[in-house]
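Notes follow once the structure below has been shown.
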Amino acid sequence: MPQRHPETSATDRLVIVGNGMAGHRLVEALLARPERPAITVIGAETAPAYNRILLSPLLAGEMERSALILRSAEWYAEQGIELVLGERVESIDRTSRRLTTDAGRELDYDRLVLATGSTPARPPVPGLELPGVHVFRDLHDADALARAAEAGRNAVVIGGGLLGLEAAEGLRKRGMQVSLLQREDRLMNRQLDLTAARLLESELRGRGLDIHTDAQLERLEANAEGQVCAALLADGTRLAADCVVVAIGIVPQAELGRVAELEVNRGVIVDEWLTTSDPAIYALGECCEHRGNLYGLVEPIWRQVEVLADKLCRANAERASAERAQGYVEKPTATKLKVSGISLYAFGPTEPEPEHEVLSYRDPQQGDYRRLLLRDGRLEGAVLYGDTASGPWYFEQALAGRDLSDCRAALLLGAADAQALLDDASNESPQRPAKEAA
């Protein structure tokens, strides 16, 4: 049988493995384009695609489960999309272009997209396999933690990043006494400088969280029934634990790529068109790796989706925007975070280099803090805690590489004041000759 041409057409069969946020975003993008392929979506979870970002308020009891669902199963049928839930793809035959699920289902494809996401990272700690030890990644995890909160009093959360903080706050709001372990010297060390991290820690301590930084977890202990009952730290501290939550980060779910003998490093290796080492197979989101980069934030993944949707729809590929015509390109990303009602916005380096000029502002009464890093008048990094309204403006100036010397005195006052000075400086500058301006 002759090989099918790798370019798609409206009659091509596209199978998307993974019905998480990335896979669903791709479905929505394809539906918005002409000449889309026939689509089958396979999800290992039994629920249709849902918003994982909202798992934290769900755990805290602030939101109903139904509010997380992005689209109902009926919607997929109405769009002419075949949806298979509760089945995990176990193998891919690249020669015959056929995949097999753990239920024995076989599906043929012309193009295949791996959007399998990630799995929670687990530290090499004795006792991690004990009953009562949880991760916090999906609806099942959120339900299990809610049940644990009803049955127990003490929880230990391992990890002082965003997910760990949200899990800790959710369990605290469920009535548990929560100890949070962070092995680094401060919370959210990848996004925050020391001052912002200390402000965050002080706020969370005031809410009742027991926070341990520079904490080295030695092992988890079990009671007579074999259930986890305590966490022992290297300094001898023993923390009671009816449940333990591991939230130290994520690992690309790339095993299916390895089984299919695709090129895999930490994630499934892709080029600028999200194409794997097999031209008929693509990878997207947290499971992929592009030029050594892995992904955990939605902004770069959404840009990947647009590039891939254009690629999968021939007509749109020809009319792709100039930006997307070159494929996926890495760009700086700002981290926009809301941790239990506390607003954070950060981009660029967390620590200043010798060449940086550091501007900082702090209002203890309002709980606001800003720290900007400039090099030769150009903004390279910012950390905002509390009032983050000016964050997007700062990020825009940094991306543009704009010289902010004319508004340096007002930079810490916020976007409006700084922009006004820039506009004044622009108006006062001599006009260029018309020919030069053109």
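The values are calculated or read from the model by the stated rules, or taken from the named source; none is laboratory data. Please read these numbers as outputs of a predicted model, since none were measured by experiment. Neighbour counts run over all protein chains shown; Cβ positions are idealised from the backbone, glycine included.
Counting only strands (runs of 3 or more DSSP E) that sit wholly inside the range 322-384, those with at least 1 residues that are more than 27 Å from the chain's Cα centre (by Cα) and without any contact (Cβ under 8 Å) to a residue 24 or more places away in the chain are 357-363, 368-375.
Scanning the range 202-224 for residues that are among the small types (Gly, Ala, Ser) and out of contact with any strand residue (DSSP E or B) (no Cβ under 8 Å at 6 or more places or on another chain), we see that the one that is surrounded by the fewest Cβ atoms within 10 Å (Cβ to Cβ) is 224.
Residue by residue, here is whether (1) touching a Pro at 6+ places or on another chain (Cβ under 9 Å); (2) in a loop (DSSP other than H, G, I, E, B); (3) in contact (Cβ under 8 Å) with a residue 24 or more places away in the chain; (4) farther than 30 Å from residue 343 by Cα holds:
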position	(1), (2), (3), (4)
236	no, yes, no, yes
258	no, no, no, yes
278	no, yes, yes, yes
302	no, no, yes, no
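Residue-level check: of (1) touching a residue at least 60 places away in the same chain (Cβ under 8 Å); (2) farther than 29 Å from residue 65 by Cβ; (3) in a helix (DSSP H, G or I), residue 201 misses just (1).
Suppose we filter the range 110-128 for residues that are assigned to a loop (DSSP other than H, G, I, E, B) and in contact with a strand residue (DSSP E or B) (Cβ under 9 Å, 6 or more places away or on another chain); how many remain? Talk me through it step by step, then tell me what you get.
Within the range 110-128, the subset assigned to a loop (DSSP other than H, G, I, E, B) is 110, 115-117, 121-128.
Now restrict to residues that are in contact with a strand residue (DSSP E or B) (Cβ under 9 Å, 6 or more places away or on another chain): 110, 115-117, 121-123, 125-128.
The number of residues fulfilling the criteria is 11.
Scanning the range 334-346 for residues that are closer than 17 Å to residue 193 by Cα and either modelled with pLDDT under 85 or of a type outside the set (Gly, Ala, Ser) (or both) turns up 335, 336, 337, 338, 339, 342, 344, 345.
Within the bounds of the range 366-377, is there any residue that is more than 24 Å from residue 201 (Cα to Cα) and out of contact with any strand residue (DSSP E or B) (no Cβ under 6 Å at 6 or more places or on another chain)? Please lay out each step first, then the result.
The first filter runs over the range 366-377 and keeps only residues more than 24 Å from residue 201 (Cα to Cα), leaving 374-377.
Filter once more, so that each one left must be out of contact with any strand residue (DSSP E or B) (no Cβ under 6 Å at 6 or more places or on another chain): 375-376.
Yes - at least one qualifying residue is present in the range 366-377.
Residues that are closer than 25 Å to residue 109 by Cβ and surrounded by 18 or more Cβ atoms within 10 Å (Cβ to Cβ) were ranked within the range 51-80; the one that is farthest from the chain's Cα centre (by Cα) is 76.
Take the conditions (1) touching a helix residue (DSSP H, G or I) at 6+ places or on another chain (Cβ under 8 Å); (2) crowded, with 22+ Cβ neighbours inside 10 Å; (3) part of a strand (DSSP E or B); residue 36 misses just one of them, which is (3).
In the range 28-43, is there at least one residue being of a type in the set (Asp, Glu) and under 29 Å from residue 311 (Cβ atoms)? Show your work before the answer.
Here is the first cut: in the range 28-43, the ones of a type in the set (Asp, Glu) are 28, 35.
Next, only the ones that are under 29 Å from residue 311 (Cβ atoms) stay: 28, 35.
Yes, the range 28-43 contains a residue that is of a type in the set (Asp, Glu) and under 29 Å from residue 311 (Cβ atoms).
When we screen 227, 253 for residues that are in contact with a helix residue (DSSP H, G or I) (Cβ under 8 Å, 6 or more places away or on another chain), surrounded by 14 or more Cβ atoms within 10 Å (Cβ to Cβ) and in contact (Cβ under 8 Å) with a residue 12 or more places away in the chain, the only hit is 253.
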